[in-house]
Amino acid sequence: MSRTLAMAAAAASIVASIPARAEDKGSTTPEQKAQTPAHQAVPCNHGQPDADPHAPPCPRPEATAQPPTLSPAQREPGGPALKKANAAADSTADRINRAIVGDAQQNENNAAAANPRAAEMRENGGEQKRAAARPAAGAASMQGGVTSMQPGSETGPQQEPTVPPPTGLERTVRDATLSTDKPGRYNPFALELSPLGLFLGGRLSFNAEWAPAVHHAIVVSPYITHTSVNIATSGSTTESQTFTGVGGEIGYRYYTGHKGMNGVFVGPSLIGGIYNAGLPNGNQPFTNIGVAVDVGLQQIFWNHIVVGGGLGLEYLSVSHDFADLPTSPSIIAESGVKPRFLLEAGYAF
């Protein structure tokens, strides 16, 4: 009897172990699933040719929230009142320049300022085509129109003409333009103050710039001069001389930037003025005329703040000979070739 019971118990234990083994082979318990590494997870259908068509689709990653894109007006500093004033100035300037140069040109100006890189690529593309056409035309004329033939080819090898990369000064100008010519709005007008003359020659000067089209600007610079110096006459005796008058310049500048008066610039100008010299023996009226050429760099910050500087050479012809003069009056009252320095800051709109 006891032997029979022992055999029954052993059979029962064997039968009970059969489902457990089947479960181990065919399924995974929740505890085992929690301990399964992530790289052993059930594969999903990621849409590739080698994906399992019976697998569930892979979950899509959550889209990363992108910061909102701000317009140039929204990026400007200042409160609502300042932004409103800037917007009014911008609208007025756009209407005035549009009335002068036409809708097509002003639309082209605005597009170039909004995307300077695309505008530069269009400009460089045209230059490269023209540069590539010149050597190709020269080679054709030298060969007398005869083209070398290759076996299996009707017209021979066709090689794309290439333009050498910029070097030297051209590279420097391009790098300076790329670093300062950021997307923004087009400013056809600018009003600037040139304070450097106050320290060098008692001259208060202003600039009014108008850029009717991209790269091209007309500059008008009126100024007022009043300076006094003591001139040694004999021994320890000195005499006071005062130079007073008005003058101005009108010139042209080529800017490498696309937002109006920005980027590297170069251009000539005409100089003229009417003055009076207060000498010990009376007044001496005189005039001057001259020419100048300048190079420099100018940038527009926050779409409106203009800061620029440069240097140049000028030739001046004065109607009266005052002999040797100190630096301050010699700027306007001494003939000859002399250097000049530029520093200007103002408001563009």
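Brief remarks on what is shown
- The single residue among Leu270, Leu311, Leu297 that is over 17 Å from the mean Cα position of the chain (by Cα) and over 16 Å from Val220 (Cα atoms) turns out to be Leu311.
Residue by residue, here is whether (1) surrounded by fewer than 16 Cβ atoms within 10 Å (Cβ to Cβ); (2) within 24 Å of Arg171 (Cα to Cα) holds:
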| site | (1), (2) |
| --- | --- |
| Asn262 | no, yes |
| Tyr275 | no, no |
| Ile289 | yes, no |
| Gln298 | no, yes |
| Asn303 | no, no |
| Tyr315 | yes, no |
| Val318 | no, no |
| Ala333 | no, no |
| Ala348 | no, no |
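- Members of segment 91-105 that are of a type outside the set (Val, Ile, Thr), part of a helix (DSSP H, G or I) and farther than 21 Å from Asn303 by Cα: Ala99, Asp103, Ala104
- Per-region count, segment 320-331, residues surrounded by 15 or more Cβ atoms within 10 Å (Cβ to Cβ) and in a helix (DSSP H, G or I): 4
- Counting the residues of segment 104-121 that are charged (D, E, K, R) and closer than 18 Å to Trp210 by Cβ gives 1.
- Set Ala139, Ala88, Ala118, Ala81: member being assigned to a helix (DSSP H, G or I), surrounded by fewer than 14 Cβ atoms within 10 Å (Cβ to Cβ) and modelled with pLDDT under 55: Ala139
- Search result, residues across segment 225-260 that are of a type in the set (A, V, I, L, M) and modelled with pLDDT of 95 or more: Val246, Ile250
- Candidate set from segment 191-231 (those that are under 20 Å from Ile271 (Cα atoms), aliphatic (A, V, I, L, M) and surrounded by 22 or more Cβ atoms within 10 Å (Cβ to Cβ)); member that is nearest to the chain's Cα centre (by Cα): Ala217
- Taking residues in segment 313-334 that are charged (D, E, K, R), and partners anywhere that are assigned to a loop (DSSP other than H, G, I, E, B), the pairs with Cβ atoms closer than 6 Å and at least 6 places apart or on different chains are Glu334/Leu325.
- Subset tally (residues that are touching a strand residue (DSSP E or B) at 6+ places or on another chain (Cβ under 7 Å) and either without any contact (Cβ under 8 Å) to a residue 12 or more places away in the chain or on the phi > 0 side of the Ramachandran plot (or both)) for segment 79-108: 0
- Top-ranked residue of segment 278-308 - restricted to ones that are modelled with pLDDT of 95 or more and of a type in the set (Gly, Ala, Ser), ranked as nearest to Pro183 (Cα to Cα): Gly308
The values are calculated or read from the model by the stated rules, or taken from the named source; none is laboratory data. All values derive from a computational prediction rather than experimental measurement. Cβ: placed from backbone, ideal geometry, glycine included. Neighbour counts: every protein chain shown.
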